[in-house]
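Here is the structure we will look at.
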Amino acid sequence: MLSILGKVLIGVGLGFDLLGCLGLVRLPDVYNRLQAATKCVTLGTCSILLGVFFYSGMATGTGIKALLCILFLVLTAPVAAHAISKGAHNGGLRMWKGSVTDEYLEDTGKGEGEGEGAAT
Amino acid sequence: MRAARWALGGVVLLAVLALIIFRTYPVEFLENVSDSDFAARALYIVLLSALLCLFRIARGPTSADRIMAIDILGILIVGFCAIMAAVTDTGWYLDIGIAWALQSFIASLAFSKYLERRRFDA
């Protein structure tokens, strides 16, 4: 029973991973790609690790390490994504030309300089 | 032209997914693994996602794209190590996963500082 539950959770996580990486290829801009890929892949990998926790029996060493890894990923992945997007914006990388608003630029005035230009 | 490219990409992706899921794997495909069919399918789907990440690393127009794709590739490798730990019942694969997540986090922070400073160099 626990093995079947673990397999279902691992399958859901694999679906999230694949869709997140599809967004990484398909979306037009650094910030769009960062949002899609980071959220989907972090949730998918946490689901895989929870599935591993159930699949390998709950109180074994592998299960406890999987829970520790979930905690670590949830703490670090959003911080890394936020740091990358802030660095790219402060470095002058423009947003996609179809973007509606840029409130960070309006509030702080950072990121107006010459950058590499946005992807088309 | 654009619709043709979308249709081509979708057909190729669905064909590879169908090949991974509906193929019959031989019994001795992975040694010392309980439930070899499920393990082979799961590992191949993670490798397909990593291939899409490698496409973005190779083709990404700016350096921020490449850095972000390396970060995502690190998270995918943690998932790969977790599946290997589950199906082979050896716990130290997850140690590799935890260490890789730590290194990937530190590398992402360092690269983001590099991105922020490069305006002053130019």
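No lab work stands behind these numbers, since they all come straight from the coordinates. Given the structure is predicted, the values throughout are model-derived calculations rather than measurements. Quick reminder, even Gly has a Cβ in these numbers, built from the backbone with ideal geometry, and neighbours come from all protein chains shown.
Cα atoms only: what Rg and Dmax, in Å, come out for region A:28-74?
When restricted to the Cα atoms of region A:28-74, Rg and Dmax are 13.5, 44 Å.
What angle, in degrees between 0 and 90 and rounded to the nearest 10, separates the Cα long axis of helix A:61-90 from the longest principal axis of the Cα atoms of chain A?
0
Counting each DSSP H run of 4 or more residues in chain B as -39500 (n - 2.57), what helix-only mean residue ellipticity at 222 nm follows after dividing by all residues, to the nearest 500 deg cm²/dmol?
Theoretical 222 nm ellipticity from helices: -29500 deg cm²/dmol.
What angle, in degrees between 0 and 90 and rounded to the nearest 10, separates the Cα long axis of helix A:30-55 from the longest principal axis of the Cα atoms of chain A?
10
Rule-of-thumb check for region A:2-91: C-alpha Rg over 2.2 N^0.38 Å?
Its radius of gyration relative to the 2.2 N^0.38 Å reference: 1.24.
Once R0 is set to 30 Å, what does the formula 1/(1 + (r/R0)^6) return for the Cβ-Cβ distance between A:Ser3 and B:Leu51, expressed as a FRET efficiency to the nearest 0.05?
Computed FRET efficiency for A:Ser3 and B:Leu51: 0.55.
Of the candidates B:Arg23, B:Arg56, B:Arg41, which one comes out as most mobile in a Gaussian network treatment of chain B with C-alpha springs shorter than 10 Å?
Of B:Arg23, B:Arg56, B:Arg41, the Gaussian network model singles out B:Arg23 as fluctuating most.
As an exercise, identify the chymotrypsin sites (Phe, Trp or Tyr not before Pro) in region B:1-64 lying in DSSP coil whose Cβ has no more than 14 other Cβ atoms within 10 Å.
Details: sites: B:Trp6, B:Phe22, B:Phe29, B:Phe38, B:Tyr44, B:Phe55; in loops: B:Phe29.
Of the chymotrypsin sites (Phe, Trp or Tyr not before Pro), the ones in loops of region B:1-64 whose Cβ has at most 14 other Cβ atoms within 10 Å are B:Phe29.
Would you please classify the overall shape of region A:65-111 from the alpha carbon gyration tensor, given that a ≥ b ≥ c denote the square roots of the eigenvalues, rounded means a/c under 1.5, and beyond that prolate means a/b larger than b/c while oblate covers the rest? Write out the running numbers ahead of the final one.
Details: a/c = 3.45, a/b = 2.85, b/c = 1.21.
Prolate shape, in that a/c is at least 1.5 and a/b is the bigger ratio.
Return a whole-number percent for the relative contact order of region B:34-91, with Cα pairs under 8 Å and 6 or more residues apart as the contact set. Intermediate values should be presented prior to the final figure.
On the way: 31 pairs, mean separation 25.1, N = 58.
Value for region B:34-91: 43 percent.
Once both axes come from the Cα atoms, what is the angle between helix B:2-22 and the longest principal axis of chain B, in degrees from 0 to 90, rounded to 10?
Helix B:2-22 sits roughly 40 degrees off the main axis of chain B.
In the protein assembly as shown, how many lysine pairs have Cα atoms under 19 Å apart, counting only pairs 8 or more places apart or on different chains?
So the count works out to 7.
Looking only at A:Gly44, A:Gly20, A:Gly11, which one moves most when chain A is put into a Gaussian network model with springs between Cα atoms under 10 Å?
Ranking A:Gly44, A:Gly20, A:Gly11 by mean-square fluctuation puts A:Gly11 first.
Taking a quarter of the surface of the convex hull around the Cα atoms of the protein assembly as shown, what do you get in nm²?
Directional mean of the projected Cα hull area for the protein assembly as shown stands at 14.6 nm².
Given a Förster distance of 25 angstrom, what is the FRET efficiency for B:Val11 paired with A:Val12, based on the Cβ-Cβ distance and rounded to 0.05? Show your work: numbers first, answer last.
On the way: r = 25 Å, r/R0 = 0.99.
Between B:Val11 and A:Val12 the formula returns 0.50.
Please list the non-local residues whose amide H lies under 5 Å from the amide H of B:Gly60, H modeled 1.01 Å from N, same-chain partners needing a gap of 5 or more.
Amide H to amide H, under 5 Å and 5 or more residues apart or across chains, B:Gly60 pairs with nothing.
Show that you can apply the helix-only estimate: for chain A, add -39,500 (n - 2.57) for every DSSP H stretch of four or more residues, divide by all residues, and state [θ] at 222 nm to the nearest 500.
For chain A, the value works out to -25500 deg cm²/dmol.
Out of all Cα-Cα pairs in region B:34-121, roughly what percent, to the nearest whole number, are more than 22 Å apart?
On the way: 1441 of 3828 pairs.
Cα-Cα pairs of region B:34-121 separated by over 22 Å account for 38 percent.
Rounded if a/c is under 1.5, else prolate if a/b is larger than b/c, else oblate: which is region B:8-48, with a ≥ b ≥ c the root eigenvalues of its Cα gyration tensor?
Prolate, since a/c reaches 1.5 and a/b exceeds b/c.
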